[in-house]
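Participant: Below you will find the structure I want to go over with you.
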Amino acid sequence: MVDLAAPASPKPKSTLRRLMERRLALFGFALILLVVGAAVFAPFIAPYAPEEQLFDGLTLEGAPLPPDARFIMGTDLLGRDLFSRMLYGAQTSLIIGVVANGLALLIGTLVGITAGFFRGWVGAALMRFTDLMMAFPALLLAICLAAIFKPSLWIVAMVIALVNWVQTARVIYTETTSLATRDFIAAERTLGAGTGRILFRHILPHLVPTIIVWGTLGISTTVLLEATLSFLGVGVQPPTPSWGNIIFENQTYFQAAPWLVFIPGAAIILLALAFNLVGDALRDVMDPTQRGRD
Amino acid sequence: MMPAEQTLSGATTAPDTSPVLSVEGLTVSVRTEFGLRPLVEDLSFTLNRGETLAIAGESGSGKSITSLAIMGLLPPPAVRVTAGSIRLGQTNLTTASEAQMRRIRGDRIAMIFQEPMTSLNPVLTIGTQLAEAMRAHEPISRQEARSRALAALTAVRLSQPERRLNQYPHELSGGMRQRVMIAMALALRPEVLIADEPTTALDVTVQREVLDLLRDLQRDLGTAIILITHDMGVVAEMADRVIVMKSGRMVEQAPVTTLFQAPAQPYTRDLLAAVPRMGGRTDTPAAISADAVASLSDVVVRFPIKGGLLGRTTLNVHAVEHVSFDIRRGETFALVGESGCGKSTIAKAMVGLVPHQGQITVGGHVLSPRGLDAPRSLRRRVQMVFQDPMAALDPRMRVGDLIAEPLLIHDIGTAADRRARAADLIRRVGLSPDQIDRYPHEFSGGQRQRICIARALALKPDLIIADESVSALDVSVQARVLALLQELQKEMGVAFLFISHDMAVVDSISDRVGVMYLGQIVEMGTRAQVFGDPRHPYTQRLIEAVPVPDPAHQREKTIRLAGDVPSPVHPVGSGPERLILRDVGGGHLVAM
């Protein structure tokens, strides 16, 4: 449609509008909405209770049922409906993938930006601590933390956040140190700008692309880390389902019942992909130097 | 002269009238969403044996693209030759395969780039790189390659060539690295040498040496040179013929004397008129009040180098040593000197970016020696304009916000006031106020520098420090920015501290000048005193080295040295000898 009344230089479109013009971003956005919808409305959609071990959920030999008209994703080793478990599992996995991951990102960014900007002994102390955390086996640390606190979903989320921030902190630290030596930061200083202003108005916006990339990459890692913890018995306690622990519960039967690993695996990959697509588009759209090039 | 020069010479150039290289109807295009866009259009020229052809033009004129097209190094797949031919002898380079081009590159056509540090591999020794280049084209033994590498280094008059073979690029100075590049380029005696801005990144005195070297080598070897440059001074000194390019098209082609004496095209005339010239100013200096806006007294800046087990300071970089001068209200004080002489460090100390010793007074307030703790009110009095305007502007902020930011930081006016003031300043520096919501990348280099100037003016400072503020700009843009600065000074009475390595620019804008060498001022006085009657040998050498944009200019033969500037690094407790400035009359201070 051509708008004849448009002025010679068209007004820049809003960020949201430009995001919506990207097909892949829309696809990612739709996927995320789908998963969120599934998680929120799980009690209404799920045909069975997630913990219910169905009487006719196993074959006569006691093997799980492959997908069919009744159990659209099949049943698991205990004869529970996989579709219902996937729906409820979405709740757990979303909380881990978004909340735990977001928290890890926040800690990592704060540590990295502080250490990178102030350098000196503050920076040295923070970064040595980060290195220490990196050198420490994350799983062992998570097991210790989870063992101290009583395992619950929120504790697991916190534990994951506490072990997963280190990579982000490292990357943000490196970027901040190089940004801090750029001319426009020196220019801000000569104008009299205070530390807060430089950090949050001038350095942080430049870190957004990196934060987005690490955030989207972190989703699949955190979801799987939760699964590992659950497998070791310190994560989300059975019979509460999560995508990760569905995989781990059933991995030994991978050859006999591949759908039990394939379906939750595909779900994790799709969720990570969806966040990745939206994140990528968001990064491009928010960068003013990319404007007019898409 | 030196017998070493003979090692590369000896090839007697037989009189041969056929051109070495001929370019016909060359069009290079870049593929964009809207189809092919030409970068170079319908360019034709020939290059004769032993000749120097200069391709001059401002940024974006397509001169570098032309050189890359000849080398077959256009960035694939977007940029390619879409029409025309490039012939090297009998070979058509536009249709040659990559394998053929590889044999030609280095062997028959060689190239020197602008930045010698990035064109040498930092993890290989000089000797290895030179030998590699030779062995890639000729089946010679390692031993022989090494001895020829040594001969090549001797030929470019590098001091201690045996030692250089085992050194890494970072151990050499910029001038020495460029000599290595030249040695590498000429080692295989190419028919054509393409020099893309070979001296732009070098200091004037080093530039002088490199230009002399190129000219001598050409005389001995008979290589044809394509010299790509934006500097009309270099063109006048080096070229036999000149091609002037603008936006991808040839504007004019003429022998060098004709071009400078009787340029045929208006664009060439404008370009030549914009070139800053030494001694081109005849106006009498305006009366300047004795009232000092800023004064430096015995300022010292040292950067410690820590070493040893305990991390104690073992060495100091003596960046600025006992510098004293005043900047008076409404005047332009210029600091000149070569890279590493401490001129930018002084600027940084004056805005509190580095700590200093001694006393810096700005507008009656003494600056804290610790630097960064300077009170905010003080920062209103001094503003700074940086060298690279793209780097000095936050790319994620709108221009209006950038200009209004100093007002916001110092909490002046309401949001609407600030925006109005930003619009006003944008108009004042010659841009249109409806560009206020654009981002820095949407402007050209000159426009960005105007934005930086507008931002510096926002707080109505007493002093603006311009650190190499026009060196990154094309000459015609540079001339307009300089004119703007002078106009603003007349109107607002602001004083400038103008820091530059470009003697001609300093000569055209300054009222008083200080010449710096190794952290100390060696000569200071009014512009007429320093440029008209230079007393210190270093000042004389600097002025001497500036390329003169006049092909008829006769340069006195001077002794050519491959000398290096001494290091400003000294162990703790010792330092450079302090120079005492003596008045030789009328406030003209010269180091004895």
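Participant: For B:Ala264, indicate whether it is surrounded by fewer than 19 Cβ atoms within 10 Å (Cβ to Cβ), modelled with pLDDT of 85 or more and touching a helix residue (DSSP H, G or I) at 6+ places or on another chain (Cβ under 9 Å).
Facilitator: Numbers: surrounded by fewer than 19 Cβ atoms within 10 Å (Cβ to Cβ): yes; modelled with pLDDT of 85 or more: yes; touching a helix residue (DSSP H, G or I) at 6+ places or on another chain (Cβ under 9 Å): yes.
For B:Ala264, the condition - surrounded by fewer than 19 Cβ atoms within 10 Å (Cβ to Cβ), modelled with pLDDT of 85 or more and touching a helix residue (DSSP H, G or I) at 6+ places or on another chain (Cβ under 9 Å) - is met.
Participant: Among the candidates A:Arg170, A:Arg128, A:Arg189, single out the residue that is within 12 Å of chain B (Cβ to nearest Cβ) and assigned to a helix (DSSP H, G or I). Show your work before the answer.
Facilitator: On the way: A:Arg170 fails: within 12 Å of chain B (Cβ to nearest Cβ); A:Arg128 fails: within 12 Å of chain B (Cβ to nearest Cβ).
Result of the check over A:Arg170, A:Arg128, A:Arg189: A:Arg189.
Participant: Another question about this same structure. Determine whether region B:367-375 contains at least one residue that is more than 30 Å from B:Asp231 (Cα to Cα), in contact (Cβ under 8 Å) with a residue 40 or more places away in the chain, crowded, with 16+ Cβ neighbours inside 10 Å and within 9 Å of chain A (Cβ to nearest Cβ). Reasoning before the result, please.
Facilitator: Step one: of region B:367-375, the residues more than 30 Å from B:Asp231 (Cα to Cα) are B:367-375.
The next check asks that each one be in contact (Cβ under 8 Å) with a residue 40 or more places away in the chain; those that pass are none.
For region B:367-375, residues more than 30 Å from B:Asp231 (Cα to Cα), in contact (Cβ under 8 Å) with a residue 40 or more places away in the chain, crowded, with 16+ Cβ neighbours inside 10 Å and within 9 Å of chain A (Cβ to nearest Cβ): absent.
Participant: From A:Leu110, A:Leu126, grab the single residue that is touching a helix residue (DSSP H, G or I) at 6+ places or on another chain (Cβ under 6 Å) and modelled with pLDDT of 85 or more.
Facilitator: Numbers: A:Leu110 fails: touching a helix residue (DSSP H, G or I) at 6+ places or on another chain (Cβ under 6 Å).
None of the others qualify; the one that does is A:Leu126.
Participant: Still on this structure, please answer the following. Is one or more of the residues making up region B:403-422 surrounded by fewer than 18 Cβ atoms within 10 Å (Cβ to Cβ), within 14 Å of another protein chain (Cβ to nearest Cβ), under 27 Å from the mean Cα position of the chain (by Cα) and not in a helix (DSSP H, G or I)?
Facilitator: No: zero hits.
Participant: Does B:Leu393 fit the bill of being modelled with pLDDT under 85, under 24 Å from A:Ile203 (Cα atoms) and within 8 Å of chain A (Cβ to nearest Cβ)? Write out each step before concluding.
Facilitator: On the way: modelled with pLDDT under 85: no; under 24 Å from A:Ile203 (Cα atoms): yes; within 8 Å of chain A (Cβ to nearest Cβ): yes.
No; evaluated as a whole, the condition is false for this residue.
Participant: Could I ask something else about it? Here is a list: B:Arg379, B:Arg450. Which entry is crowded, with 17+ Cβ neighbours inside 10 Å, basic (Lys, Arg) and at the interface with chain A (Cβ under 10 Å from one of its Cβ atoms)? Even if it seems obvious, please write down each step before you answer.
Facilitator: Values: B:Arg450 fails: at the interface with chain A (Cβ under 10 Å from one of its Cβ atoms).
Testing whether each residue is crowded, with 17+ Cβ neighbours inside 10 Å, basic (Lys, Arg) and at the interface with chain A (Cβ under 10 Å from one of its Cβ atoms) leaves just B:Arg379.
Participant: Among the residues that make up region B:479-489, is at least one of them surrounded by fewer than 22 Cβ atoms within 10 Å (Cβ to Cβ) and within 14 Å of chain A (Cβ to nearest Cβ)?
Facilitator: No: zero hits.
Participant: Can you confirm whether region B:89-101 contains a residue that is surrounded by 20 or more Cβ atoms within 10 Å (Cβ to Cβ) and not in a loop (DSSP other than H, G, I, E, B)?
Facilitator: No, region B:89-101 has no match at all.
Participant: Look through B:Thr345, B:Thr332 and report the one residue that is within 14 Å of chain A (Cβ to nearest Cβ), buried (at least 22 other Cβ atoms within 10 Å of the Cβ) and within 23 Å of B:Val204 (Cβ to Cβ). Don't jump to the end; show me each part of the working.
Facilitator: Numbers: B:Thr332 fails: within 14 Å of chain A (Cβ to nearest Cβ).
It is B:Thr345.
Participant: Which condition from (1) over 30 Å from B:Pro255 (Cα atoms); (2) surrounded by fewer than 21 Cβ atoms within 10 Å (Cβ to Cβ); (3) in contact (Cβ under 8 Å) with a residue 60 or more places away in the chain is the one that B:Met492 breaks?
Facilitator: Condition (3) is where B:Met492 drops out.
Participant: If you go through region B:117-127 one residue at a time, do you hit one that is surrounded by fewer than 16 Cβ atoms within 10 Å (Cβ to Cβ) and under 16 Å from B:Pro190 (Cα atoms)?
Facilitator: Keep residues of region B:117-127 that are surrounded by fewer than 16 Cβ atoms within 10 Å (Cβ to Cβ), which gives B:117-118, B:121-124.
Pick out the ones that are also under 16 Å from B:Pro190 (Cα atoms) and you get none.
Looking for residues that are surrounded by fewer than 16 Cβ atoms within 10 Å (Cβ to Cβ) and under 16 Å from B:Pro190 (Cα atoms), one finds none in region B:117-127, hence no.
Participant: Let me ask something else. Just give me the residues in region A:177-186 being of a type in the set (A, V, I, L, M) and at the interface with another protein chain (Cβ under 8 Å from one of its Cβ atoms), in sequence order. Break it down into steps so the answer makes sense when it comes.
Facilitator: Step one: list which residues in region A:177-186 are of a type in the set (A, V, I, L, M), which gives A:179-180, A:185-186.
Selection gives A:Ala186 alone.
Participant: If we keep just the residues of region A:192-204 that are facing chain B (nearest Cβ under 7 Å) and outside any helix (DSSP H, G or I), which is farthest from the chain's Cα centre (by Cα)?
Facilitator: Out of the qualifying residues, it is A:Gly192.
Participant: Only one of (1) at pLDDT 85 or above; (2) crowded, with 24+ Cβ neighbours inside 10 Å; (3) closer than 25 Å to B:Ala454 by Cβ fails for B:Val362. Which number is that?
Facilitator: (1) is the only condition that B:Val362 fails.
Participant: Would you point out which residue out of A:Thr216, A:Thr221, A:Thr210 is within 14 Å of chain B (Cβ to nearest Cβ) and within 16 Å of the chain's Cα centre (by Cα)? Talk me through it step by step, then tell me what you get.
Facilitator: Working: A:Thr216 fails: within 14 Å of chain B (Cβ to nearest Cβ); A:Thr221 fails: within 14 Å of chain B (Cβ to nearest Cβ).
Answer to the check: A:Thr210.
Participant: Check B:Asp583, B:Asp550 and return the single one that is exposed (fewer than 13 other Cβ atoms within 10 Å of the Cβ) and modelled with pLDDT of 80 or more.
Facilitator: Numbers: B:Asp550 fails: exposed (fewer than 13 other Cβ atoms within 10 Å of the Cβ).
Going through B:Asp583, B:Asp550 in turn, just one is exposed (fewer than 13 other Cβ atoms within 10 Å of the Cβ) and modelled with pLDDT of 80 or more: B:Asp583.
Participant: Go through region B:180-218 and count every residue that is surrounded by fewer than 22 Cβ atoms within 10 Å (Cβ to Cβ), part of a loop (DSSP other than H, G, I, E, B) and among the β-branched types (Val, Ile, Thr).
Facilitator: Number satisfying all stated conditions: 1.
The values are calculated or read from the model by the stated rules, or taken from the named source; none is laboratory data. Not measured: the values here are computed from a predicted model. When we count neighbours, we look across all protein chains shown, and the Cβ atoms used for this are built from the backbone with ideal geometry, even at glycine.
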